[in-house]
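The values are calculated or read from the model by the stated rules, or taken from the named source; none is laboratory data. Keep in mind that what you see is a predicted model, and the values were worked out from it rather than measured. Cβ atoms come from the backbone with ideal geometry, glycine included; neighbour counts cover every protein chain shown. Calculation scope for accessible area: heavy atoms of the full protein, side chains included, ligands and nucleic acids excluded. Shrake-Rupley method; radii C 1.70, N 1.55, O 1.52, S 1.80 Å.
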Amino acid sequence: QPVRSLLNGWEKSPGEITQFMAIVSAPWAIKPVYGLLIDFVPFLGSRRKNYLLVASMLTAVSLFWLAISMPADGETNQLMALLIVPTLAIAFSDVVADALMVEKGQPLGLTGRLQSIQWGSMYAATVLAGSLGGWMSEYDRHELGFLICGLGAMLTFVATCVWVQDASTSESTSSDTSTHESNGPAEASAAPKETFWSRIDMMRRTLMSRQFLMIAFFLFLWNFNPFSSTIQQLHLTDQVKLTPQQYGHSNSLFSIGSIVACMVYGILCRIIPSRLLIHLAIAAGVTSTLAYLLVQGVQSAFVVSVFVGFVYMLGNLIQMDLAARMCPATIAGSMFAMLMSVSNFA
C-alpha cells in the first residue's frame with residue numbers, strides 16, 4: 001500500500017500505477033527458473049539453505065538501501081529499479097520455502113496443514129502490516145515500510161541459519177543415496193533411484209500429464225481477476241472514499257478472515273475429498289469478488305473485508321494444496337513454482 005500511495009502522491013495515473021506494479025511483480029512470473037536452479041544446481045553444497053541465505057541477505061540490503069535513500073519525487077524509474085532486486089529475491093525465497101513444504105510435507109500427507117500454517121502466518125503479519133501501511137500512507141512515512149521489511153528479511157536470514165537443514169551436494173548428487181533429510185521410509189527407499197536424468201524424466205512426465213495441465217488451467221482461470229490488487233484499492237479509496245488509514249484497516253480485517261480460513265482448512269483438508277474441494281474453490285473465487293458489490297461505505301467495507309478474507313483464503317488454500325499434492329517431492333521446487341507462476345501470470 002505505501003508504494004502505491006507514494007506513486008499516487010507523485011500524481012501518477014491509475015494506468016501508470018498498475019503498469020508499475022505489473023513490471024515490479026514480473027520476477028514472480030518466472031518462478032520456474034528459480035525452481036530449476038534449486039532442484040538441479042546445488043549452490044555451495046546445498047539445494048535449499050544457501051539459496052535462502054543469499055536471497056534473504058539481498059532482500060535486506062536492498063530494502064535498507066531504499067529506507068536510507070528514498071528516490072526523489074517523480075523518480076519512478078529509480079524506484080522501480082531499486083524494488084526489482086528485493087522482489088526477485090523474495091520470489092526466489094518463496095520458491096525455496098514452497099519446495100521445503102512439499103519435500104517435508106508430502107511423504108507425511110501434511111501439505112494442506114503446512115499450507116495453512118504458511119498462509120496463516122503470513123496473514124497474521126498482514127494484520128499488523130495493513131493498519132501500519134495505512135498509517136505510513138496517510139502520513140507519508142513510506143521509508144519506514146522499507147526499513148521494517150528489511151528487518152523482516154534479516155530475521156529470515158537468522159532463522160535459516162538456525163533451523164533449515166540441508167544435505168551436502170555429495171550426498172544428493174554423486175551417489176544419490178540420501179535426500180536433503182529423510183522424511184520417512186518411503187522417501188528413504190526411493191532415494192537411491194534418484195539421478196539427474198531420472199529427475200529430468202520425472203519432470204517431462206509430470207509436465208505432460210493430464211492432471212498437471214488441468215491444474216495449471218484451473219489456477220490460471222481462478223486467478224484471472226482484473227479487480228484484484230491495484231484496481232480494488234483505487235475503487236475503495238477513490239469511489240467508496242475510504243481514507244488510506246481506513247483502507248489499511250480493511251486489509252487487516254481481510255487478514256483476520258484469512259487466518260480463520262487457514263485454521264478451518266488445516267482441520268478439514270484431510271477430510272474433504274479432492275473433487276469437492278475443487279468445487280468449493282470455484283464457489284469461493286466467485287463469491288470473494290461479487291461480495292464487493294455490497295460495499296457502500298466504511299462499515300460495509302469492513303464487514304465485506306472480513307468475509308472476503310475468509311472465502312478467498314479458503315479457495316486459495318484449496319488450489320495451493322491441490323498443486324502441492326501432485327508435485328513430485330524430489331523436483332518440488334521447479335514443479336510447484338511452475339504452477340505458481342501460472343497463478344502469478346494470470
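Identify the single condition in (1) touching a His at 6+ places or on another chain (Cβ under 9 Å); (2) surrounded by fewer than 16 Cβ atoms within 10 Å (Cβ to Cβ); (3) of a type outside the set (Phe, Trp, Tyr) that Val3 does not satisfy, given that it satisfies every other one.
Evaluating Val3 over (1) touching a His at 6+ places or on another chain (Cβ under 9 Å); (2) surrounded by fewer than 16 Cβ atoms within 10 Å (Cβ to Cβ); (3) of a type outside the set (Phe, Trp, Tyr) leaves (2) as the failure.
Which of the residues spanning the range 288-312 are within 12 Å of Trp222 (Cα to Cα) and free of Cβ contacts under 8 Å to residues at least 60 places away in the same chain?
Ser288, Tyr312
Does Ser93 fit the bill of being crowded, with 16+ Cβ neighbours inside 10 Å, assigned to a helix (DSSP H, G or I) and modelled with pLDDT of 90 or more?
Yes.
List every residue pair whose Cβ atoms lie under 7 Å apart, where the two residues are 6 or more positions apart in sequence or sit on different chains, the first residue falls within the range 211-227 and is within 14 Å of Cys327 (Cβ to Cβ), and the second residue, located anywhere, is among the hydroxyl-bearing types (Ser, Thr, Tyr).
Phe212/Thr206; Leu219/Ser343
Go through (1) surrounded by 16 or more Cβ atoms within 10 Å (Cβ to Cβ); (2) touching a residue at least 40 places away in the same chain (Cβ under 8 Å) and name the single condition Ala124 misses.
Only one criterion in (1) surrounded by 16 or more Cβ atoms within 10 Å (Cβ to Cβ); (2) touching a residue at least 40 places away in the same chain (Cβ under 8 Å) is unmet by Ala124, namely (1).
Within the range 57-69, is there a residue that is surrounded by 21 or more Cβ atoms within 10 Å (Cβ to Cβ) and under 17 Å from the mean Cα position of the chain (by Cα)?
So far as the range 57-69 goes, yes, one or more of its residues are surrounded by 21 or more Cβ atoms within 10 Å (Cβ to Cβ) and under 17 Å from the mean Cα position of the chain (by Cα).
Quick one: what pairs do we get from the range 34-51, first residue aliphatic (A, V, I, L, M) and in a loop (DSSP other than H, G, I, E, B), second open to solvent by 30 Å² or more (accessible area, probe 1.4 Å) and at pLDDT 90 or above, C-beta under 9 Å, 6+ apart or different chains?
Partner pairs satisfying both residue conditions: Leu44/Asn50.
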